[in-house]
Structure formats: structure tokens, C-alpha cells
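The structure follows.
The values are calculated or read from the model by the stated rules, or taken from the named source; none is laboratory data. Model, not experiment: these values are computed from the prediction. Neighbour counts run over all protein chains shown; Cβ positions are idealised from the backbone, glycine included. Please note that ligands, DNA and RNA were not included when accessible areas were found on the heavy atoms of the full protein model with its side chains. Shrake-Rupley method; radii C 1.70, N 1.55, O 1.52, S 1.80 Å.
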Amino acid sequence: MRSGFPDFRLGTVLATSFTGTLSERHGDAVERIPTPQRLVDWMAAYGLAVDSCTTAQLELARELRESIHAAATAAAIQEPLPAAAVQVINDCSTQGRAAATLTPEGKRQWQLGSASRVEDALSVIAADAISIVAGERDGKLALCASPTCQAAFFDTSRSRTRRWCDMNTCGNRQKKARFNANRSKDLA
């Protein structure tokens, strides 16, 4: 990854990993795609290689990210989906040219339009968001239990009781805080 920027939190679910490019939403927010090139880097990490990205395309990507986060959050807490978020997700889904292709290993990968535009990659992300918010995939939307994070994530654990968006960050931070609090009580 490029030096000077926070690492990406790469997950297995494209849409919720994309919303994770802005973390600690209820604390000191961390923007992981602050520049157009950084968005290109994130997309490449997910096999969505694009030729370039403009500032306007970065803003569109951020609008999609926030719309997915709003819709996923509403779905996780079983509230109506925000109409504006649904509109942005649908618009992005229909405006791109991407096709699903099958690899020799039997995996799905995305082939973007011949110009490899950011909009094509965003349509793939929007389609992934639609499939999880619509309940078409095996799993459930949940919110991170960290009070500073509360990121929407897609829980595919067997029991569907996962509490953290990422055990290596939010989960460990909460466990460490609980350990330190218990240790302070023992020393008092």
C-alpha cells in the first residue's frame, strides 16, 4: 500500500468492505480513500482494476459508499431503507458496464467495460450491496458493537452472532479495554 495512508481493511464482502473505507465513523473518522489514486488502489485490491479516477468519480464513489452504509445500517436494525440511499445505489448499479465471468477455478470475477471506468466498478459494488441488503445471500447484516465504529458488516458466521466488523481492530480494542478495566479494579 502507498505510504502515508491508512491500510485498507480488506474483507470478504465487497459492499461492506467498501463502506469500511471510512472507519471509526462515530469517533475520529479515518478516511482510507482520500485521493482518486487511493480509490484506484482499493478497486485493484478487489480485482476491479480501473485506468484512472477523477475527483468527481471519487466523490461519486464516496456518495455510493455512504448510501450503502445508510441502507445496510437501516436493514441491520430493521428500519425502512432511506429513499435517497436506495436511489444512489440503483443509479450506480445501472450506470456501469460490467459482466460476471467464470474463472477456470470456478470462481466469479468481474470484467469491466473496455474503458475500465470507475463507474463500471461502482456498478459491481452497488450490485453486491443490492444482493446483501435484499437478503439474497446467506448471512445477515449487523452493526459493529464498537461505540466509535458501528460499521455495517455482513455476518456469515455459523451462529450469525458476530459482534465486530473486524476482530483484529474493533474486537481487540474492546477486549483490551475490558481487560484494562478489570485489571484496574483488581489493583484498587
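Please list the non-local residues whose amide H lies under 5 Å from the amide H of Asp155, H modeled 1.01 Å from N, same-chain partners needing a gap of 5 or more.
Close amide H contacts, sequence-distant or interchain: Lys140, Leu141, Ala142.
Another question, then. Name every cysteine in the chain that ends up alone, with no second cysteine's Cβ under 4.7 Å, or say none.
Lone cysteines by the Cβ rule: Cys53, Cys92, Cys170.
Could you rank the peptides 93-99, 144-150 by their average count of other C-beta atoms within 10 Å per residue, with the highest value first?
With the highest mean Cβ count within 10 Å placed first, the list reads 144-150, 93-99.
For Asp51 and Gln37, compute 0.36 nm times the residue count separating them, minus their Cα-Cα distance, and round to one decimal in nm.
Contour length minus Cα-Cα distance gives 4.0 nm.
Roughly speaking, what is the stretch gain from Ala99 to Glu66, that is 0.36 nm per residue apart minus the C-alpha to C-alpha distance, in nm to one decimal?
9.5 nm
Turning to a different aspect of this structure: Mean separation of Cα pairs under 8 Å and 6+ residues apart, divided by the residue count of the chain: what relative contact order is that in percent?
21
Work out, step by step, the length gained on full extension between Leu10 and Asn90: first 0.36 nm times the residue separation, then minus their alpha carbon distance; give nm to one decimal.
So the chain would gain 26.4 nm between Leu10 and Asn90.
Could you tell me which of rounded, prolate or oblate describes region 57-131, using a ≥ b ≥ c as the square roots of the eigenvalues of the alpha-carbon gyration tensor, with rounded for a/c under 1.5 and, failing that, prolate when a/b is larger than b/c and oblate otherwise?
oblate
Can you name the helices of the chain, as whole DSSP H runs, whose Cα span along the helix axis is 24 Å or more and whose Kyte-Doolittle mean is not below 0.0?
Once both thresholds are applied, what remains is 55-76.
Picking from Cys92, Ser67, Ala49, whose Cα lies most toward the positive end of the charge dipole for region 46-101 (charges on Cβ: Lys, Arg +1; Asp, Glu -1)?
Ala49
At 222 nm, what helix-only mean residue ellipticity would the chain give, in deg cm²/dmol to the nearest 500, using -39500 (n - 2.57) for each DSSP H run of four or more?
After summing the helix terms and dividing by residue count, I get -14000 deg cm²/dmol.
Per the 1.4 Å probe, what fraction of the accessible area of region 1-148, in percent, lies on carbon and sulfur atoms?
Answer for region 1-148 is 51 percent, counting heavy atoms of protein chains only.
Given the Cα atoms of region 36-188, and with Rh set as the inverse mean 1/r over their pairs in the Kirkwood sense, what is Rg to Rh to two decimals?
We get a ratio of 1.06 for region 36-188.
Using label points projected 7 Å from each Cα along Cα→Cβ, tell me how many nm separate Met167 and Glu24, to one decimal.
In this crude spin-label approximation the distance works out to 2.3 nm.
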